[in-house]
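Below is one structure; the comments refer to it alone.
The values are calculated or read from the model by the stated rules, or taken from the named source; none is laboratory data. What you see is a predicted model; the values in this text were computed from it and never measured. Every residue, glycine as well, gets a Cβ built from its backbone with ideal geometry; the counts of neighbours run over all protein chains shown. With ligands, DNA and RNA removed, areas are computed over all heavy atoms of the protein, side chains included. Shrake-Rupley method; radii C 1.70, N 1.55, O 1.52, S 1.80 Å.
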Amino acid sequence: MKKIGVAIVVLLVGLSACTSDEVLVTENQRLAVFATLTDSNNVALKNIPVNITTDTESEYNILGESKSKDLGRVDFVSLVSYNRGLIINFNPEYSKDYIPAYSSLSFIDSLNIEGREGIINLKLVQLSRIRNVNLNIAMGAQTDSLELVLMYPKKKQSLGLYDSQENNFLPENYIRNYLKLDEENTSFMDAFSIPEGSSIKINYTVNDEVERDTIVKVTSESNRFNFEF
């Protein structure tokens, strides 16, 4: 009976190790990361935190970290996990060095270690300044009902490792608000922050007619938009 009990314990321990959620790091492989970090006006950004993790929303499992240097230069060496993908985070919100005046950007690589090279050069990475928006929407005198879909980008953006920042239309990078105004609720007000140069799109339907849309661009430090449909 004792031998059987010992065997069961060993088996359970083995199964526990196999199903562990632990991040496993290679002993003899490292990853070098290079980039030049600027704002959307091509001004170099210094002292912006950069790290490599296995989770976009967490400060845990940091495999390597650094800050941008003079001329926006980023170069550091990171550990490599062989049972997870990796994420390169620029200005992550959970970092103690996070700078709220700029957006956050993550590049996600889901490849396992066999498909990954030892160097990643992102070349040019751009963060945008964060701008404040005050939005007011009201029903017009001839409007009985108003349905709206309000869409704008988040302060934190995520891309595939080799995706272009210029063609970023992933649904997870946008906030969508669905609103309905009527005789009891005739107006809507909201305040939020989004990256400079971003667009706010409003799809709207007045009195159950054909859907239309309007787009405004955020260019100032503080932006106020008033709409009446």
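Remarks
- Sorting T219, T143 by solvent-accessible area of protein heavy atoms yields T219, T143, largest first, with a 1.4 Å probe.
- Solvent exposure of the stretch 142-229, expressed per residue, is 64 Å² of accessible area, with all protein chains present and a 1.4 angstrom probe.
- Pairs from the table (K67/K154; K180/K217; K46/K123; K46/K217; K96/K154; K123/K155) lying more than 18 angstrom apart at Cα are K67/K154; K180/K217; K46/K217; K96/K154; K123/K155.
- With the simple model of a label 7 Å out from the Cα in the direction of the Cβ, Y82 to A141 spans 7.5 nm.
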